[in-house]
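Q: Sharing a structure with you now.
The values are calculated or read from the model by the stated rules, or taken from the named source; none is laboratory data. Note that the coordinates shown come from a computational prediction; the quantities given were computed from them, not determined experimentally. With ideal geometry, Cβ positions are generated from the backbone for all residues, glycine too; neighbour counts draw on all protein chains shown.
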Amino acid sequence: MALIIGSIIFFVLVVKLESLIPINFMDKAQRTFVDLGDAVKVRAGANARFFNTKGQLIKKQDIVKIQKAGCLSLFTYSNNAIDITVHPLNRNSVFDEAKRLFPKAKIVEIDMEN
């Protein structure tokens, strides 16, 4: 029983402490994308950016479409998508960085405000 209560308290503390981290720290374009020349390391989730994990390595020429909607999505030739979750206040800066890194990709913006 004590283990369950301890686990619940730990979970609440982790969630609460994570909410105290500024969104500008977690969602920086520099933490989301790492330019490696012909390839880019993409950290799609907030935890991957916070803990600075490996991320997903993709070749620049493999991305054919960048879509900004509720999240940012990178599409490959085979129509696979990498969804990048960022706070709405930081979505534009991460989107601009994606456009810079993948200049040949088609750009699609879906207005989520209306």
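Q: Would you be able to say whether some residue in segment 53-70 is of a type in the set (D, E, K, R) and either touching a His at 6+ places or on another chain (Cβ under 6 Å) or at pLDDT below 90 (or both)? Please lay out each step first, then the result.
A: We begin by selecting, within segment 53-70, every residue of a type in the set (D, E, K, R); these are 54, 59-60, 62, 65, 68.
Filter once more, keeping what is either touching a His at 6+ places or on another chain (Cβ under 6 Å) or at pLDDT below 90 (or both): 54.
Taking every residue of segment 53-70 in turn, at least one turns out to be of a type in the set (D, E, K, R) and either touching a His at 6+ places or on another chain (Cβ under 6 Å) or at pLDDT below 90 (or both).
Q: List the number of the failed condition for Ser78; all other conditions in (1) modelled with pLDDT of 85 or more; (2) under 13 Å from the mean Cα position of the chain (by Cα) hold.
A: (2)
Q: On the basis of being among the basic types (Lys, Arg) and within 16 Å of the chain's Cα centre (by Cα), does Lys59 make the cut? Before you say what the answer is, go through the steps one by one.
A: Numbers: among the basic types (Lys, Arg): yes; within 16 Å of the chain's Cα centre (by Cα): no.
Answer is no for this residue.
Q: On to the next question. Counting just the residues of segment 82-100 that are hydrophobic (A, V, I, L, M, F, W, C), surrounded by 13 or more Cβ atoms within 10 Å (Cβ to Cβ) and more than 14 Å from Val40 (Cα to Cα), which one comes out modelled with the highest pLDDT? Show your work before the answer.
A: Going residue by residue through segment 82-100, those that are hydrophobic (A, V, I, L, M, F, W, C) are 82, 84, 86, 89, 94-95, 98.
Restricting the remaining residues to those that are surrounded by 13 or more Cβ atoms within 10 Å (Cβ to Cβ) gives 82, 84, 86, 94-95, 98.
Then keep just the ones that are more than 14 Å from Val40 (Cα to Cα); that gives 86, 95.
Details: Val86: 86, Phe95: 94.
Across segment 82-100, the extreme among qualifying residues is Phe95.
Q: Go through segment 60-81 and give me each residue that's surrounded by fewer than 16 Cβ atoms within 10 Å (Cβ to Cβ) and farther than 19 Å from Gly45 by Cα.
A: Gln61, Val64, Tyr77, Ser78, Asn79
Q: Asp35 passes all but one of (1) crowded, with 17+ Cβ neighbours inside 10 Å; (2) touching a helix residue (DSSP H, G or I) at 6+ places or on another chain (Cβ under 9 Å); (3) closer than 21 Å to Ile107 by Cα; which number fails?
A: Condition not satisfied by Asp35: (1).
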